[in-house]
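Below is one structure, written out as C-alpha cells; comments come after it.
Every number in this text was worked out from the coordinates using simple rules, so none of it is lab data. Since this is a predicted model, take the numbers as computed values, not measurements. No Cβ is skipped: glycine too gets one built from the backbone with ideal geometry, and neighbour counts run over all protein chains shown.
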C-alpha cells in the first residue's frame, strides 16, 4: 500500500520507523513549515522533518491549500498523527482509502488536542489508542481499532505518550490489512463523549490549597509541557516531580518544610514531597541540589 504520513510531533516517529521496515511503500512525510522558536527565534524544522532528513525520506511542507492538495494526491492512504493542520473535505477525499488518525484515547472519550494530559489530570487509571477514519468533525470518524492501556501510577504525559505511540505504530499492521481486505470501520458511539481541549499555561499553575493527589496528577499531566508551575518570591518555578505522602499537614497550603535536604509542601490534606524542579532560567534539577544553592527553609512558601 502507498502510504503518506502527515505529522509534526515526535509521537509519529515510531509509526514512521515501522512503515520504513514494513511491506508498505512510505511515499514521504507531510509536515508543517519550519517555524521560529526559542528565545533567539531560530528557524527550526519539526521533529518528523528532522527524522525524514536523517532517513532520506521525502518531507513536504505545504503552506497553502493548493500545495496541500498536491501533497496528498496519488496515495492509497494517509496516516495523520499530531499533524496540527485542519484538513478540508476536498483534501480528505484525495487518498484512495482516506485519512487515518492515531488518537491517544479510547474514543469517544477525550476528543481534542490534549487527550493524555486531560486523562492524567482527571486521575484516569486507563486510557488507550484509537485508529479511525478522519471525517470533517473533530475526532468523530468511524473506528478501525482500539487498544487499552493501564496508566502507571507515577507516569507523566511524556511517559504515556511514548508508550501509546509504540502501541499505535504496531497496530497499523492489522488496520492496513483490514482496509485491503475491505473491512469497514465502526461508527463511534454517541454516549460518554468527553473533550480534551488544548492546555493553557494558567491551568498548569499549582493551587496548593487543592488535595495532594490532585496536585500530583496535575504535575504528571503537565510534564514536560507546558510544565506545572508555582512561584516563590515572585520567581516562577516549574515542578516536574512530586510524590504523595501520608505526612499530616501542620502549616498553611503552599508552606514549605525542609527536613534532611528533602522538601515537603503543604496541600489541603497531606504533604507532597517535591523531588524535581526547574528554577527560573535554569535546567531541571533535584530539589536536594537546589537546596544546596539557595536560601530556602521551613516556613517559606510557594504561591
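Here the residues 104, 132, ranked from fewest to most Cβ neighbours within 10 Å of their Cβ, fall in the order 132, 104.
Can you give the FRET efficiency for residue 1 and residue 125, using 1/(1 + (r/R0)^6), R0 = 35 Å, r = Cβ-Cβ distance, to the nearest 0.05? Please list the in-between numbers first.
Numbers: r = 36 Å, r/R0 = 1.03.
According to the calculation, E is roughly 0.45.
Take the Kirkwood radius over Cα pairs of the stretch 66-122, plug it into Stokes-Einstein at 20 °C and 1.002 mPa s, and you get 167 µm²/s for translational diffusion. Across all directions, the average flat footprint of the convex hull enclosing the Cα atoms of the chain is 17.5 nm². Taking the alpha carbon gyration tensor of the stretch 1-100, multiplying each eigenvalue by 5 and rooting it gives semi-axes of 22, 17, 10 Å, largest first.
Taking label positions 7 Å along the Cα-Cβ direction at both residue 54 and residue 34, the computed distance is 1.8 nm, reported to one decimal. Each residue in 1, 68 was given a count of other beta-carbon atoms within 10 angstrom of its own, and listing them fewest first yields 1, 68. Decide, for the stretch 24-180, between rounded, prolate and oblate: order the square roots of the alpha carbon gyration tensor eigenvalues as a ≥ b ≥ c, take rounded if a/c falls under 1.5, and otherwise choose prolate if a/b is larger than b/c, else oblate. Oblate, since a/c reaches 1.5 and b/c is not below a/b.
Seen against the Cα atoms of the chain and their longest principal axis, helix 157-180 is set at about 20 degrees. Summed over all non-identical Cα pairs, the Kirkwood treatment of the stretch 202-293 gives a radius of 13.0 Å.
List the relative contact order of the stretch 202-293 as a percent without decimals, with contacts defined as Cα pairs under 8 Å and 6+ residues apart. The partial results should precede the final answer.
On the way: 182 pairs, mean separation 24.0, N = 92.
Relative contact order for the stretch 202-293 comes out at 26 percent.
Spacing of the modelled spin labels on residue 162 and residue 146, each 7 Å from Cα toward Cβ, amounts to 2.7 nm.
Note on residue 154 and residue 113: the model spin-label points, each 7 Å out from Cα along the C-beta direction, lie 3.1 nm apart.
Between the beta carbons of residue 191 and residue 93, assuming R0 = 30 Å, the FRET efficiency works out to 0.55 to the nearest 0.05. Taking the Cα of residue 23, stepping 7 Å toward and past its beta carbon, and measuring to each backbone N in the stretch 167-208: which are under 18 Å? The answer is 170-183.
Contour minus end-to-end for residue 178 and residue 247, with contour as 0.36 nm per residue of separation and end-to-end as the Cα-Cα distance? Show your work: numbers first, answer last.
Working: separation 69, 0.36 × 69 = 24.84 nm, distance 5.33 nm.
Difference between extended and current length: 19.5 nm.
For the chain, the longest principal axis of the C-alpha atoms and the axis of helix 212-221 are separated by about 40°. Based on C-alpha pairs under 8 angstrom that are at least 6 apart in sequence, the stretch 2-180 has a relative contact order of 20 percent. Across the chain, Cα pairs under 8 Å and at least six residues apart give a relative contact order of 13 percent.
Each helix, a run of at least 4 DSSP H residues, gives -39500 (n - 2.57); summed and divided by the residues of the chain, these come to -7000 deg cm²/dmol at 222 nm.
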